[in-house]
Amino acid sequence: MPPAPPRRIAAVDHDACDECGLCLPLCPPAAIRLTRRGLAVDAKTCTGCVKCIAPCPVGALAMVDA
Amino acid sequence: MLRADVLVVGAGPAGCVAAWEAAAAAPGLDVLLIERDDAVGAPVRCAEGVGSAGLREFLNPDGAPWYSRKITKVIFWAPDDSEVRVGGGDIGYILDRTRFEPALADEAKRVGAEIWTGTEAVGMERLNGGWKVRLHGPRGEQDVLAKLVIGADGVESMVGRWAGLDTRVAARDMESCAQYVISNIAVDPDAIYLHFADRWAPGGYAWVFPKGVGVANVGLGLVALKSDGRSACAYLDAYAARYFPDGEVLGRTVGGVIAGVTVKQAVADAVMLAGDAAHMINPLSGGGIVNAMKAGRLAGRHAAAAIAAGDTSARRLNRYRDDWMALLGEDHIKYYRIKEALGKLDDAFFNRLARTVNAIPVEQRTLGRIFAHALVNHPRLIPVAARLFL
């Protein structure tokens, strides 16, 4: 039996991210947090739905293997 | 534990006015306004345009240091770049939000509200009929027990989510925006420009809002679902290269504008949401500053009254949402329907409309007349009239 494909989740490129917060209300499980230390995606909560990816104005979010 | 009667999260236009109104409505009320950023008003994530009438309900702009330009003209650019000028008068202002928000915050301070900058809320839970809110800031980590929390924490709002409210946004209602401050450009410094073209800003529009002579906020908002996969910044790079090739980019910003309707639940027990946090943005124009101030005013007054009455239940606080819906929220539902109708029209329609409107003498050219011409083909556009863009 082939191994299950790895789970895919959103990840943030901190150099590109402008910390505008646009992605937060797009995230159904509220897996994205924005604090003074920057944007963070909670790998445990992210469902990999990709809703945050395309709207990012600077293209700072991408899907990666969990 | 530190205590407050009203804790306002976020010192933007909604939060500053909410704190101002709550403190003014009830002298002796402990109002604490917290702001995550180190300064109120910065960084600016906004095109900074406001309508004159709405602004004047709060602060008098005459001679004020917190605006950049007075606007007396609106110029539409059609997809084929034809220009439609709309007549003048006291249309609005381009603010300098790095000075405008501090002016609002000063009003809140003047009536007794306390303001902590560099302080963020990182979580909250119910306690003693109010909320225990965890703060991180220059004073370290501490809890504040608030009788009532006003979430004015913007597009990225967490207060609503912590309170169990559904503040999620569908991708089709999210405008992805990018904006440069560009100098060395030749535009009318008394006019705002609105440019509708699918190839430059699909599902939204591009704008030029003057900050001074030869300097402007140049930006655009688009709906990613309608784009070709490029980011808003990539669209703006192409736009600036095409229309302002000799301009010098002085600053860049990006952000999201929720172009939907007011959230169904804007309150929970001892919690109210105001401004962008409650999606109180004109879904046609994307304008939110005056809306946020009006919502903040209602929220502050209702907060003070609820605390005086000893009843901060969601049931009572819903009076705030009812007042908001009557003031502007119901209009936004109409505007949203118009936006959906406009979204079905193609560039060719707007090019034809521009030609028709330009046949009207400029002194007779009002937004109302422009829409009258649009209505010939599209009666669903009827309620727009002059409140469209500011």
Q) How crowded by other chains is B:161-170, given as the mean number of beta carbons from other chains within 10 Å of each beta carbon? A) 3
Q: Please give the average number of partner chain Cβ atoms lying within 10 Å of the Cβ of each residue in B:222-235, rounded to a whole number.
A: 3
**Q.** For peptides B:163-169, A:51-57, sequence by mean Cβ density within 10 Å, most packed first
**A.** A:51-57, B:163-169
Q: Mind putting a number on the dipole of chain A about its Cα centre? Charges go on the C-beta only, +1 for Lys and Arg and -1 for Asp and Glu, and I need it in Debye to the nearest 20.
A: 260
(Q) If you average 1/r across every pair of different Cα atoms in the range B:228-336 and take the reciprocal, what Kirkwood value do you get, in Å? (A) 16.0
Q) Say the cut-off is 30 Å between C-alpha atoms; which of B:Lys132/B:Lys264; B:Lys109/B:Lys132; B:Lys109/B:Lys147; A:Lys44/B:Lys344 go over it? A) A:Lys44/B:Lys344
Q) In which sequence would B:Leu273, B:Leu353 go, from the one with the fewest C-beta neighbours within 10 Å to the one with the most? A) B:Leu353, B:Leu273
Q. For the peptides B:328-336, B:189-197, what is the packing order when you average, over each peptide's residues, the other Cβ atoms within 10 Å and list the highest mean first?
A. B:189-197, B:328-336
Q.
Relative contact order for chain B: what percent, with Cα pairs under 8 Å and sequence separation of 6 or more?
A. 21
Q. How many percent of Cα pairs in the protein assembly as shown exceed 38 Å?
A. 22
Q) With the radius of gyration and the Kirkwood radius both derived from the Cα set of the range A:8-65, what is their ratio Rg to Rh? A) 0.90
Q. Which is farthest toward the positive dipole end of chain B among B:Asn358, B:Ala274, B:Pro65, measuring Cα position about the Cα centre, with Cβ charges +1 (Lys, Arg) and -1 (Asp, Glu)?
A. B:Asn358
(Q) Counting just the Cα atoms, what span does the range B:107-249 cover along each of its three principal axes? Round to the nearest Å and put the largest first. (A) 59, 38, 24
Q | Ranked by how many other beta carbons lie within 10 Å on average, peptides A:25-33, B:73-81, B:357-365 from highest | A | A:25-33, B:73-81, B:357-365
Q.
Please compute the average number of Cβ atoms from other chains found within 10 Å of each residue's Cβ in peptide B:175-181.
A. 3
Q) What are the trypsin sites (Lys or Arg not before Pro) within the range B:213-311 that DSSP puts in a loop, where the Cβ has at most 12 other Cβ atoms within 10 Å? A) B:Lys264
Q | Dipole magnitude (debye, nearest 20) for chain B, charges at Cβ of Lys, Arg, Asp, Glu | A | 820
Q. Once Rh for the range B:163-209 is found with the Kirkwood sum over Cα pairs, what is the Stokes-Einstein diffusion coefficient at 4 °C and 1.567 mPa s, in µm²/s?
A. 96
Q. If only Cα atoms are counted, what is the Rg of chain B, and what is its Dmax, in Å?
A. 21.1, 68
Q. Any idea what the alpha-carbon Rg over 2.2 N^0.38 Å comes to for the range B:49-124?
A. 1.53
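Readers should treat all values here as calculations from the given coordinates under stated rules, not as data from a laboratory. Note that the coordinates shown come from a computational prediction; the quantities given were computed from them, not determined experimentally. Quick reminder, even Gly has a Cβ in these numbers, built from the backbone with ideal geometry, and neighbours come from all protein chains shown.
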